[in-house]
Amino acid sequence: MLDAPIPPANTASENLAYTRLQSLINSMGDGVIAVDDAIRVVLYNGAALNILDLNGTITNKTLHRLLKLYDKNGQEVNVSTLICSTKSATTSRDYLLHYDDGSKINLYLSIAPVRLGYGSEGDKGYVLLLRDITREKSLEEERDEFISVVSHELRTPIAIAEGNVSNAQFILEKAGITDSSVLTALKLAHDQIIFLSGMINDLSTLSRAERGKLTLELAAINVHKLVSDLVASYAAEATAKGLILRADLSPQLETLSSSELYIREILQNFVTNAIKYTEKGSVTLSARPAPNGVVFLVSDTGIGISKADQERVFDKFFRSEDFRTRATNGTGLGLYVTMKLARLLHAEISLQSTLNKGSVFTIFVPALQ
């Protein structure tokens, strides 16, 4: 736990430490407020006063009277309850700060429990960092709106192109035309159109996730059927690469109350990645019951993921520098979208991987009411 001194006692060394601390936080661009366990202000800087739109001293004032927070749904947030419920350092970019004149800003808020004093006898409290991110949020909303419009408008031309290329392939096959150059060109075109279609789907899902537009439609899911259907869907793709794709299902599986659409998309992303990055061996999709939910596992005997890449594999647009990864098409969005969907389902994802030996993605999906 970090130490942050409160206003000093009468010793010269403590006075010097306090003066240095005050100079340090006053030089920061972010607002800094330290409160005691009663959520009264004990320390702050000028940037905090600017964000709160106040002029006078706020020492010893209760913070919830100064900081009028609202969540993204427009519901007022009890600041004291929010702070007291914080057990470890946490951050959020989803709060709004309202002012008395009716205006508001988007607020970055970081809350960290600290010890407000020296040694083990110091009083406990919290340090808050505040930053006005209204402009950043506005730019993000414009970006998300652009992605949403573009992905929507591209769906129709891509669908038409895919349909026409598929028809051309069918006509040539029925006519008995065996010109390999023509058939190869059409297959390459069709593969790239399918890739574009997948990219548009990822962008569309990403846009809705970033804008909070994803909604849950809960249903009783037959897990056994879901897994069996997924394995059947990708069996041909795995066989074409010489891989064994199998299901490993516990006989004790029961129905799961959750979103079948999102669970299917999560598992599809893991299975397609496993097939893509496995050159020989097998891919296994498993499911077994767990307390208040189901654990799914997607394991492969593929190229594996380095420890450095494991820390970033769920980042937006991340693709490994491994030449074997770069040899295949990808946007770096699939696993990022997967993590977004998992959070919506309150699911937990873990990864175990060893280079050149394979990977195991584990997903615990709780039953939702």
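The values are calculated or read from the model by the stated rules, or taken from the named source; none is laboratory data. The structure displayed is predicted, hence computed values, not measured ones. Glycine gets a Cβ as well: all are built from the backbone with ideal geometry, and neighbour counts include every protein chain shown.
Within the stretch 202-229, can you find the residues that are in contact with a helix residue (DSSP H, G or I) (Cβ under 6 Å, 6 or more places away or on another chain) and in a helix (DSSP H, G or I)? The answer is 202, 203, 204, 205, 206, 207, 209, 210.
The set of residues in the stretch 345-369 being of a type in the set (Gly, Ala, Ser) and closer than 16 Å to residue 289 by Cβ consists of 347, 367.
In this entry, residue 136 passes the filter for residues that are in contact (Cβ under 8 Å) with a residue 24 or more places away in the chain and touching a strand residue (DSSP E or B) at 6+ places or on another chain (Cβ under 8 Å).
Residue 202 meets each of the listed conditions (1) touching a Phe, Trp or Tyr at 6+ places or on another chain (Cβ under 8 Å); (2) farther than 23 Å from residue 73 by Cα; (3) of a type outside the set (Lys, Arg) apart from (1).
Inspection of the stretch 303-311 identifies at least one residue that is over 22 Å from residue 247 (Cβ atoms), under 18 Å from the mean Cα position of the chain (by Cα) and in contact (Cβ under 8 Å) with a residue 40 or more places away in the chain.
If you go through the stretch 53-106 and keep only what is part of a helix (DSSP H, G or I) and in contact (Cβ under 8 Å) with a residue 24 or more places away in the chain, you end up with 63, 64, 79, 80, 82, 83, 84. Considering only residues in the stretch 237-247 that are within 27 Å of residue 340 (Cβ to Cβ) and either of a type in the set (D, E, K, R) or not in a helix (DSSP H, G or I) (or both), the one that is modelled with the lowest pLDDT turns out to be 237. Only residues that are within 20 Å of residue 219 (Cβ to Cβ) and surrounded by fewer than 16 Cβ atoms within 10 Å (Cβ to Cβ) were counted in the stretch 269-293, giving 3.
If I filter the stretch 211-226 for residues that are in contact with a Leu (Cβ under 8 Å, 6 or more places away or on another chain), of a type in the set (S, T, N, Q) and modelled with pLDDT under 85, do I get at least one hit? No. If you go through the stretch 249-267 and keep only what is under 28 Å from the mean Cα position of the chain (by Cα) and either hydroxyl-bearing (Ser, Thr, Tyr) or in a loop (DSSP other than H, G, I, E, B) (or both), you end up with 255, 257, 258, 259, 262.
Is it true that some residue in the stretch 329-339 is at pLDDT below 70 and over 20 Å from the mean Cα position of the chain (by Cα)? Taking every residue of the stretch 329-339 in turn, at least one turns out to be at pLDDT below 70 and over 20 Å from the mean Cα position of the chain (by Cα). Looking only at residues of the stretch 288-302 that are part of a strand (DSSP E or B) and over 23 Å from the mean Cα position of the chain (by Cα), we find that the one that is farthest from residue 341 (Cα to Cα) is 300. Criterion first (in the same structural domain as residue 109 (by TED's automatic domain parsing), not in a loop (DSSP other than H, G, I, E, B) and not β-branched (Val, Ile, Thr)) does residue 38 satisfy it? For residue 38, the condition - in the same structural domain as residue 109 (by TED's automatic domain parsing), not in a loop (DSSP other than H, G, I, E, B) and not β-branched (Val, Ile, Thr) - is not met.
Taken over the stretch 164-197, the residue count meeting the criterion of being touching a residue at least 12 places away in the same chain (Cβ under 8 Å) and of a type outside the set (D, E, K, R) is 14.
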